[in-house]
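J.: Below you'll find the structure I mean.
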Amino acid sequence: MEKISEENKIEKDNIEAAFLECDEKITDKIVPKKELENFEIDIKEIMKSGCNRQIAEYSLMQYKNNTSKNEYSKYEKAKEELINEINTKLGNKIEAIINKENKDLVEKEIDYEEIIDEILEKNEKNISDNNDRYQVKNGLIKLISESKDINLKAFRISKDEYIKKRKPVIEAALRLVKKIVNNENGEYEKFYKEFYG
């Protein structure tokens with residue numbers, strides 16, 4: 001019995017070591033299904049329920065056409081304008097954050113994470129070797145949240161309007177997530193067959 005326990009411990013240590021060697025950037029490069037590439041904000045909202053990305057994507061695909069294109073285009077425009085404003089006003093500081101080691105840990109709830117993610121994506125190949133994506137993200141959050149030159153108001157208003165219009169779609173998707181997770185009426189099998197098949 002002791003031998004089995006020792007073997008289990010060795011196997012567990014090996015699995016843990018292999019996990020720790022994984023490149024953390026792998027999880028950051030998850031590519032959404034082509035038809036959902038403009039719905040990242042909704043996918044992340046659904047994933048807050050605790051489901052995985054695949055279930056969130058599948059659930060959203062069932063209802064994504066019930067969206068307000070007008071609010072979405074306003075949100076996209078405000079997002080693009082904010083990214084341009086940040087790049088124009090803070091470009092040199094962003095470059096410095098990407099090229100130097102950041103030790104700042106920011107414990108701040110932000111409502112513009114998609115902005116940070118897009119800036120990171122555009123600068124991915126410029127992140128220096130002594131830095132990692134998480135540290136750079138923290139540095140950018142600190143930089144933007146402390147900057148008095150950046151006006152987040154227009155972006156926040158358009159994002160709030162978009163989210164308000166999308167709320168019924170998100171709620172419907174969340175109800176489907178619950179059915180899939182609890183496998184009500186064979187919903188998990190249906191999801192698996194349709195999503196992976």
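The values are calculated or read from the model by the stated rules, or taken from the named source; none is laboratory data. No experiment lies behind these values; they were computed from the predicted model shown. Note that each Cβ is placed from the backbone with ideal geometry, even for glycine, and that neighbours are counted across all protein chains shown.
J.: Taking the condition of being acidic (Asp, Glu) and within 17 Å of Lys64 (Cβ to Cβ), how many residues in region 152-195 meet it?
T.: Qualifying residue count, region 152-195: 2.
J.: Which of the residues belonging to region 45-58 are touching a residue at least 12 places away in the same chain (Cβ under 8 Å) and either assigned to a helix (DSSP H, G or I) or of a type in the set (Asp, Glu) (or both)?
T.: Glu45, Ile46, Arg53, Gln54, Ile55, Ala56, Glu57, Tyr58
J.: Looking at (1) at pLDDT below 65; (2) surrounded by 10 or more Cβ atoms within 10 Å (Cβ to Cβ), which is the only condition Tyr58 fails?
T.: That leaves (1) as the condition not met.
J.: Right, another one. Report whether or not Lys193 is exposed (fewer than 15 other Cβ atoms within 10 Å of the Cβ), over 22 Å from the mean Cα position of the chain (by Cα) and modelled with pLDDT of 90 or more.
T.: For Lys193, the condition - exposed (fewer than 15 other Cβ atoms within 10 Å of the Cβ), over 22 Å from the mean Cα position of the chain (by Cα) and modelled with pLDDT of 90 or more - is met.
J.: Hey, does region 95-103 have a residue that's surrounded by 14 or more Cβ atoms within 10 Å (Cβ to Cβ), within 20 Å of the chain's Cα centre (by Cα) and either at pLDDT 90 or above or closer than 30 Å to Tyr188 by Cβ (or both)?
T.: So far as region 95-103 goes, no, none of its residues is surrounded by 14 or more Cβ atoms within 10 Å (Cβ to Cβ), within 20 Å of the chain's Cα centre (by Cα) and either at pLDDT 90 or above or closer than 30 Å to Tyr188 by Cβ (or both).
J.: Quick check on region 117-160: of everything there that is within 15 Å of the chain's Cα centre (by Cα) and over 15 Å from Leu82 (Cα atoms), which residue is surrounded by the fewest Cβ atoms within 10 Å (Cβ to Cβ)?
T.: Ranking the candidates gives Glu121 first.
J.: Which members of region 62-90 meet the condition of being at pLDDT below 90 and either crowded, with 19+ Cβ neighbours inside 10 Å or part of a helix (DSSP H, G or I) (or both)?
T.: Lys69, Asn70, Glu71, Tyr72, Ser73, Lys74, Tyr75, Glu76
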